[in-house]
Amino acid sequence: MQRFTRIGALLAALSVSALASAETFTLTSTDIAHGELMSKTQEFQGFGCTGDNVSPQLSWSNAPEGTEAFAVLAYDPDAPTGSGWWHWQIVNIPKDVTTLAAGAGDASQKHAPEGSVQIGNDYGVKGFGGACPPPGHGAHRYQFTVHALSKKLELPADASGALTGYMVNAHSLGSSTLEALYKRD
């Protein structure tokens, strides 16, 4: 009898685990793939790079309960700066938005969701700044992360990437990351 109780408990745990994983907060893209090289479309235009500088399409699902807004951050931890490189930070995406179209990071085109705020990236401009690793530096990792926020963020107009990251993490109910790669030979 004890054996059947253990088997029943194991099956119940597996069922709960399967249910939980079926509702995991997930980030996907039609333009980039986890562990795969991005195209020249997502490469920066400047600093010796000649790409199209187009932010990728991103979609997310199964946000945690209590989500009031979203933030999307794109970060290169491999940049030879000692602190990585912020490529994109867009915050206060309305809670009913679950997709950013390709090019939403171009602040001049106003394709980002109404009410969202694009933060200055490490290139010194607000919006998306594509991949541009040094030639011969090998593949860099580009971490696109969506955060479900417990509230809209109150940030100064000139908020730094570090301050924005701090506030996002302080109010994140959950996150999902898609890590794409890029290199220049």
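The values are calculated or read from the model by the stated rules, or taken from the named source; none is laboratory data. None of the values given here were measured: they were computed from a predicted structure. Please note: Cβ atoms are built from the backbone with ideal geometry, for glycine as well, and neighbour counts cover all protein chains shown.
Yes/no matrix, rows are residues, columns are (1) surrounded by 16 or more Cβ atoms within 10 Å (Cβ to Cβ); (2) hydrophobic (A, V, I, L, M, F, W, C); (3) out of contact with any strand residue (DSSP E or B) (no Cβ under 7 Å at 6 or more places or on another chain):
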| residue | (1), (2), (3) |
| --- | --- |
| Leu27 | yes, yes, no |
| Thr41 | yes, no, yes |
| Ala63 | yes, yes, no |
| Val72 | yes, yes, no |
| Gly105 | yes, no, no |
| Gln109 | no, no, yes |
| Ile119 | yes, yes, no |
For segment 138-147, state whether one or more residues are under 23 Å from Gly82 (Cβ atoms), hydrophobic (A, V, I, L, M, F, W, C) and buried (at least 19 other Cβ atoms within 10 Å of the Cβ).
yes
Is segment 120-135 home to any residue that is basic (Lys, Arg), over 14 Å from the mean Cα position of the chain (by Cα), closer than 20 Å to Leu58 by Cβ and not in a loop (DSSP other than H, G, I, E, B)?
yes
Taking Ile119 as the residue in question, decide whether it is touching a helix residue (DSSP H, G or I) at 6+ places or on another chain (Cβ under 8 Å) and either under 19 Å from Ala159 (Cβ atoms) or at pLDDT 95 or above (or both).
yes
Across segment 129-171, what is the total count of residues that are touching a Leu at 6+ places or on another chain (Cβ under 9 Å), among the basic types (Lys, Arg) and under 20 Å from Val97 (Cα atoms)?
0
Mind checking which pairs have a first residue in segment 106-128 that is touching a residue at least 12 places away in the same chain (Cβ under 8 Å) and a second that is crowded, with 16+ Cβ neighbours inside 10 Å and acidic (Asp, Glu), Cβ under 9 Å, 6 or more apart or different chains?
Ala112/Asp106; Asp122/Asp76; Gly127/Asp106; Phe128/Asp106
I'm told Glu179 meets every condition in (1) in a loop (DSSP other than H, G, I, E, B); (2) surrounded by 14 or more Cβ atoms within 10 Å (Cβ to Cβ) except one. Can you identify the failing condition by its number?
(1)
Every residue in segment 55-88 that is of a type outside the set (Val, Ile, Thr), under 11 Å from the mean Cα position of the chain (by Cα) and within 14 Å of Leu149 (Cα to Cα), please.
Trp60, Phe70, Ala71, Leu73
Inside segment 23-80, can you point out the residues that are among the β-branched types (Val, Ile, Thr) and part of a strand (DSSP E or B)?
Thr26, Thr28, Thr50, Val72
If you take the residues in segment 74-97 that are aliphatic (A, V, I, L, M) and touching a Ser or Thr at 6+ places or on another chain (Cβ under 7 Å), which one is surrounded by the fewest Cβ atoms within 10 Å (Cβ to Cβ)?
Val91
I'd like to check something: does segment 82-103 contain any residue that is at negative phi, among the charged types (D, E, K, R) and outside any loop (DSSP other than H, G, I, E, B)?
no
Contact list, first residue from segment 36-61 and in contact (Cβ under 8 Å) with a residue 40 or more places away in the chain and closer than 16 Å to Leu73 by Cα, second anywhere and of a type in the set (Asp, Glu) and surrounded by fewer than 21 Cβ atoms within 10 Å (Cβ to Cβ), beta-carbon distance below 6 Å, six or more apart or interchain, is Pro56/Asp31; Gln57/Asp31
